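Structure record follows, encoded as structure tokens.
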Amino acid sequence: MPTETPSSKYSPVESRVATTAVPKAKDTADGEDGYINKMKHFLTTATLANSSKTKPSKNCNYSCTLLFILGFVLSLFLTIFIWFTDLYTNELYKRLTIQNGSFLYDSWREPPVRPLMCVYIFNYTNVNEYMSGMHQKLKVQEVGPYCYRETLYRVNITDHKNGSQTFNEMKVQEYDYDASNGTDNDIIIVPDIPYISAIALTIEENFIIRNAMSSFLNHVSNFPFVTVSVYDFCFGYQDDVIRALATMAKLGNKPIPFEKFGLLIKRIGVNPDRLTVTNGLDNLNQMGQVIHLNGKSMLHPWTTDECNSVGGSDGMFFPRLKIQQGETIHLFHKDSCRKLPMTFHSKEKIKNGVIGHRYSLSINSFNNSIPENRCYCTSTPCMPDGIFDMGKCSTRSPVVVSRAHFLHSDPSLLDAVEGLNPDPKLHEFLWLIDPILGITMETQMRIQLNIQVRNPHDYGSLSKIPDNTILPFTWLEIKTGDVSPKLSMLLFHLTFTVHWLQTFLMCLSLVGLLGTSFCLMRMLNRRLSNNIVIISNEIQLKDRHTEKIPIC
């Protein structure tokens, strides 16, 4: 039997051990590599899956980011536009100027509201007794009102490139029986305005001319009062005195003062005066302000440039910023060649809840005793407080202006005649204005006309009346009632709708700005977080490659 050597005896075992040992080491190595491979596969799969999932969302994020940036810019612009500038209101109100083609142009050219012009006449009831010396004072009785519905047209309009318009005013009157107390056929006794004016005009002439004039007038008429109908007194009559004045004017080669005298004769038809007003295109706050009268910005009846300067409102529009702040405003009265100051009185609610600002004629408007009115003093001594002498503005006529019934005037004026009873509720000069647009909503314009007797040389029958006596003969009230429905609706929208819309836009712009800002911040934070996660994963993956895993 063959003898087994030790090597051969243990070789199978060794071989088996060797055989089993090698696979064990291989399994360990394979396990380590498999773990790493699995980790790689997991991370790669997760990264690819995440990449495949987020690829369309990235495009969406970019689009959303652009949309949010655009929304943020628009919200920021709208916020600045609405909250910090006046561009919104300015752009809106530019549509409300009075330039040709604007929303208000037709209403300015042909105002839809027809004012009611009422004439109150002082009928002298005791002229015979007074002229004969039986009575010491003249007595008056207020009669009327005699009311006319007046229609205004602005005609011969010329548009200028500097943002202004020149025009004439044309007025048409129609007697309103319902608003009147009596008819215009009523007979009245009033001062003879042409006769008293003619005597006054001779004061500055030499003795011969004064004597001749007085003798001539006394031959024509020896009575300073006239009896006429209300219609003739308002719209013109011709008597012997007027014809005599026309004859003397022709002999002296001078223009005829008037062919007939009438209280309202200048308000009939087209007025020859040309007014130029700003249309508001360049400056809405100056819309409707008079800048020229017959092409002149300066008149010359008064003693200072301030008083001679043309300015103030034409009566339809006033500076809205001054109205909102309650400042003094001015009305240009071309027949007096001056600006009438009006002061804030109160706030008043009218239709649709719109609030108007009530203005009244300044108490000192006709007071020559205050410094700002000294320029209107054209006689020595000056007129009593409450009287404005408009003679320098026209034909040197002794017709003077005051408030109705001498309201807020020197008490001595009430002593000249009996029958005057001033009452602020009935005789105050009032104006109601919308503060949003500065447009007139209602007027109660009350002005009294008087004649001053100027006869220092005691000529004729006029010597029975003391020199410088002021005789009232009429007062006018021009009223506008409710505004037109179109204008009323416009004022409502300007007062409320525009305000609500502006408030809504302000809130919308603020919400949009805050919302887009918040979304942009969230998107930036999310993108920053994603970038941090990706960087962290890459670092972990690199560490896994280099890390040596221990074998158990």
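General remarks:
- Restraint check, K139/K260; K296/K479; K260/K392, Cα-Cα greater than 23 Å: K139/K260; K296/K479
- Cβ-Cβ FRET estimate between I535 and L505, R0 fixed at 51 Å, reported to 0.05: 0.70
- Computed from backbone phi, the HN-Hα couplings of the range 272-288 come to x, 5, 9, 9, 10, 10, 7, 8, x, 5, 7, 8, 4, 5, 9, 4, x Hz, rounded to whole numbers (Karplus: 6.51 cos²θ - 1.76 cosθ + 1.60, θ = phi - 60°; Gly and Pro given as x).
- DSSP-assigned coil residues among GluC sites (Glu not before Pro) in the range 245-353, each with at most 16 further Cβ atoms within 10 Å: E259, E327
- For H457, no residue whose modelled amide H falls within less than 5 Å of its own remains once neighbours fewer than 5 places apart on the same chain are excluded.
- Interchain or long-range residues, amide H under 5 Å from F225's placed H: D192
- Cα→Cβ-extended label distance, 7 Å offset, between T304 and Y177, nm: 5.3 nm
- Phi angles across the range 390-406 convert, under the Karplus curve 6.51 cos²θ - 1.76 cosθ + 1.60 with θ = phi - 60°, into 3J(HN,Hα) values of 9, x, 5, 7, 10, 10, 6, 5, x, 6, 10, 10, 8, 6, 4, 6, 6 Hz, Gly and Pro given as x.
- Carbon and sulfur %, accessible surface of the range 352-391 computed with the full protein complex present, 1.4 Å: 53 percent
- When you filter the trypsin sites (Lys or Arg not before Pro) in the range 140-248 for DSSP loop state and at most 14 other Cβ atoms inside 10 Å of their Cβ, you are left with K161.
- Reducing the range 416-440 and the range 134-190 to their Cα centroids gives an inter-centroid distance of 17 Å.
- Extension gain from D335 to S362, taking 0.36 nm per residue of separation minus the Cα-Cα distance: 7.9 nm
- Placed amide H near H292: partners under 5 Å, 5+ positions off or other chain: T276
- Extension gain for M521-I268 works out to 83.7 nm (0.36 nm per residue, less the C-alpha to C-alpha distance).
- Each residue, K349 and T328, gets one label point 7 Å from its Cα in the Cβ direction; the gap between the two is 3.2 nm.
- Of the trypsin sites (Lys or Arg not before Pro) found in the range 246-327, the ones in coil according to DSSP and having at most 16 other Cβ atoms within 10 Å of their Cβ are K260, R274.
- Positive contributions from Lys and Arg (+1) and negative ones from Asp and Glu (-1), summed over other residues with Cβ under 11 Å from the Cβ of S336, come out at +2.
- For T227, net neighbour charge (Lys/Arg +1, Asp/Glu -1) across residues whose Cβ lies under 12 Å away: -4
- Heavy-atom accessible surface of the range 122-279: percent carbon and sulfur, 1.4 Å: 52 percent
The values are calculated or read from the model by the stated rules, or taken from the named source; none is laboratory data. Here the structure is a predicted model, which means the values were calculated and not measured. Ideal geometry is used to build each Cβ from the backbone, glycine not excepted, and the neighbour counts take in all protein chains shown. In case anyone asks, the SASA skips ligands and DNA or RNA and just uses the protein heavy atoms, side chains included. Shrake-Rupley method; radii C 1.70, N 1.55, O 1.52, S 1.80 Å.
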